[in-house]
1. Ranked by Cβ crowding within 10 angstrom, fewest neighbours first, how are Ile166, Ile49, Ile200 ordered?
2. With axes computed from alpha carbons, what is the tilt in degrees of helix 96-120 against the longest principal axis of the chain, rounded to the nearest 10 within 0 to 90?
3. Taking square-rooted eigenvalues a ≥ b ≥ c of the alpha carbon gyration tensor, is region 219-295 rounded, prolate or oblate, where a/c under 1.5 means rounded and, failing that, a/b exceeding b/c means prolate?
4. Have a look at Ser175, Ser212, Ser34 and tell me which one the Gaussian network model of the chain (Cα, springs below 10 Å) gives the largest fluctuation.
5. Put a dot 7 Å past each Cα toward the Cβ at Ile248 and Gln104; how far apart are the dots in nm?
6. May I have the pair-distance distribution P(r) for the chain, computed from all Cα-Cα distances with 5 Å bins from 0 and rounded to whole percent?
7. Hey, how many Å between the Cα centroid of region 48-118 and the Cα centroid of region 212-252?
8. Antiparallel DSSP bridges in the chain: what percent, to the nearest 5?
Amino acid sequence: MKYLVMLCCLGLPWLLSAAPKQFSYTLLDGKTLSFSLDNQLLERYRTRIRYRPELAEQYVRNGMMRFAASQPQAGVRLQFSPANLPLRIEVNGSDSRKVADLQQRLATEQQRLINEYLAKHQYRFQDDSRQKTWVVQDHPAHFRQAQQDLAPVAQAFVGLYGNQNIRQVAAGLTSWVEQIPYQNLEDRRSSPGVGYSAPIEVIFQNQGDCDSKAVLWAAIMRQIFPRLPLALIYFDDHAMVGARIPPIRDEVAIPHQSFNLLLIDATGPAQAKIGYPNPDYLDEIRNQQFTVLDL
């Protein structure tokens, strides 16, 4: 089974100190956002590895060889493809029922091993709007993991705006995420070497691509409004957030389930307002050439 690769992560310099790091930003409305984060939060990302198809296949091949050795094979012959070729397992035998049964068990175990490898390294499969399957960073996993880590940031926003006016909070949060320098993301289909940064990394590195910024925005918003429906909106070479915030005037929203999701594009560096995504994607939005992932 072959899959296309969409994203991977890059190595990072790990210069950690014991003291919490202080952060301060001036938002578009003139307010000052200040908070501190523990440097040790970065430790969990030290072992994050780049997705490499050949390593994933070797993991699956080794697991399949162990699995095959554990299966009763009376009257059935197994042959693995050479290690320098894509994994293929041929099953032969005179009893067609035994052959079919073992083929099914092998296919089930192979898929389990693939999923296990991806989950272990925080990747997952995703279909795009053309129904192609990609290997991507597990953004929902990073979104969930970041909840506790980002509590000081969420509290700082509540201190500035409270937690009653959702549009005011969303606008302030967007202003902040947009001013974090943008790390370019090339076409997902042709640039598997581009790095994704988890929310904590975006803050400490002071840079992030569109995926990274979208997850950061959504994770903080969920901290402040726990019941707010949120989703990641994926295009071929871009990502933004959808939030259940009623649009006003000519703001752009998309229908989803029984409600609308207001589009928030916090990529920057332009200070775009909520509901006004990058104009380059308006045609794709109108033609529904995107995928929605609920958070």
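Quick note: the coordinates plus some simple rules give every number you see, no bench work behind them. These numbers were taken from a predicted model, which means no experiment stands behind them. Cβ sites come from the backbone with ideal geometry, for glycine too, and all protein chains shown count toward neighbours.
1. Ile49, Ile166, Ile200
2. For helix 96-120, the angle is close to 30 degrees.
3. Values: a/c = 1.39, a/b = 1.25, b/c = 1.12.
In terms of gyration-tensor shape, rounded.
4. Looking only at Ser175, Ser212, Ser34, the biggest GNM fluctuation is shown by Ser34.
5. If labels sit at Gln104 and Ile248, their model points lie 5.9 nm apart.
6. Taking every Cα pair in the chain, the percentages come to 1, 5, 11, 14, 15, 13, 11, 8, 6, 5, 4, 3, 2, 1, 0, 0.
7. 40 Å
8. Details: 32 of 36 bridges.
Approximately 90 percent, going by the DSSP bridge assignments.
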